[in-house]
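Structure, as structure tokens:
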């Protein structure tokens, strides 16, 4: 036993030595593995960073919510990609329209390629808007191009007054998709033969002044526009005033075209409930760019909210809305279509199948400027008495506004305007915003200011002025060829220079542009604008008025 025990001791020592050697070998192997992994990491890390940097500067193949609407892309919200090569944008420095007003040559508003929007013919459905207007460029240009952005391709403008003046109408005529119809003797004779005069649905409005006369005129113009729309291959027609904007809420891409394309084929008419502007100051110059608060239509409110806040929402005025509350409508172009007043359409052979939209609306900018009181007064020759205004105006508020504008001093008018129209009580505003009676809508502000920043309005005015200048140059050359040879070329040159300077001054005066818009400053703004559009697309805007959205104004 002792021998066995003693013989076991060297065996134990040998085992211990072997274990120590194995542990040392494992430790060495572990260190080598760690070193190789560290070396691999140090090799891969720079390659990864280089690859990441390459992805960041990559200019093709990847789409994000901002770059998908860039100027060199074929689509903007509401358009569908029908194949074919994308339209290229020229950044040449030889653009007379841009140079004339000192605008930047850098890519501008991400919705557009240029101001003409001349690639609408292949898009469906085709939508047209008809209006009867006497408004000038400062109101009508933003109105036209805003609706072009959301998918309207054709406009039938029945113009008179300021809108029919040569300097204004020539700008309208230069815009692709805009048809200008003047109120001539021939037009009146043609409308005098309309079947409407023999029907009863409008007879109570015949042969009355002011608003009643306008209502009849609008209906006759709508009747003519139906024929024009059909000849132009339109699918839908909308009657809209130039103080109204379609708000296509409920669509993914803020697109009226998408909204109407989703309407079932058996629907003949789509009703847009109206929201009414709620101005918060008395010095508004450009409502489309400065007003963001609106009173919602009762069709879009729970009954308990509407009736529970009715008194506070009216603020002592005769009705919930200052003016109309029955919205506007779009009609599908079809046989026997006719107008049914300024707000609806009808059909001679059937009762139209209509639907009312749950989210989309018409934004009605109602008396947004203090000057609207006097401008409406100047268009009507009625006596400012309670009895006489009843035969001139359909709505109680219009009657009261006409009497105030005709009898009060400017100070009294301003006091009345602040009390009845301007929403100065911030606590009440906040309460009604929380209740849902009032709402903030920023999309029109963003789009209209983006159009202005991108030089769209200046381009169309400059282009019209340039075309007129070319005609003048032709006439001047004819005159000079018939005149005496004593006329020098210097005289003709100075005449041209004078006209160019006048064109510059006119465009700047109408649109309020300045020459301090440097490329870096504009580039910064357009990046911000693209971000704002992304926020709108994903409903990320807070419910408060951002003063940064209203810094640029159109002068009256």
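Computed from the coordinates by the stated procedures, all read-outs in this text should not be read as laboratory data. Keep in mind it's a predicted model, so treat the numbers as computed, not measured. Cβ: placed from backbone, ideal geometry, glycine included. Neighbour counts: every protein chain shown.
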**Complete:** For the residue 435, residue 285 Cβ pair and Förster radius 41 Å, calculated FRET efficiency rounded to 0.05 is 0.85
**Prompt:** Once fully extended, how much extra length lies between residue 391 and residue 323, figured as 0.36 nm per residue of separation less the alpha-carbon to alpha-carbon distance?
**Reply:** 22.8 nm
**Request:** Can you tell me the order of 157-170, 265-278, 422-435 when each peptide is scored by its average per-residue count of other Cβ atoms within 10 angstrom, highest first?
**Result:** 265-278, 157-170, 422-435
**Request:** For a footprinting-style exposure proxy, rank 314, 133 by other Cβ within 10 Å, fewest first.
**Result:** 314, 133
**Prompt:** Where does each of 128, 380 land when they are ranked from fewest to most other beta-carbon atoms within 10 angstrom?
**Reply:** 380, 128
**Message:** Let's test the formula: R0 of 41 Å, r as the Cβ-Cβ distance of residue 314 and residue 49. What FRET efficiency results, to the nearest 0.05?
**Reply:** 0.05
**Fill in**
In nm, the gap between the two label points placed 7 Å beyond Cα toward Cβ at residue 409 and residue 198 is 5.8 nm
**Fill in**
Taking a ≥ b ≥ c as the square roots of the Cα gyration tensor eigenvalues, with a/c under 1.5 meaning rounded and otherwise prolate when a/b beats b/c or oblate if not, region 285-382 comes out oblate
**Prompt:** Extension gain residue 213-residue 426, at 0.36 nm per residue separation less the Cα-Cα distance, in nm?
**Reply:** 72.8 nm
**Prompt:** Of 182, 212, how do they rank once you tally other Cβ atoms within 10 Å and put the fewest first?
**Reply:** 182, 212
**Message:** Please list, in order, the residues from region 210-232 whose amide nitrogen is less than 18 Å from a point placed 7 Å along the Cα→Cβ vector of residue 378.
**Reply:** 210-211
**Asked** By how many nm would the segment from residue 355 to residue 228 lengthen if fully extended, with 0.36 nm per residue of separation less the alpha-carbon distance?
**Response** 43.2 nm
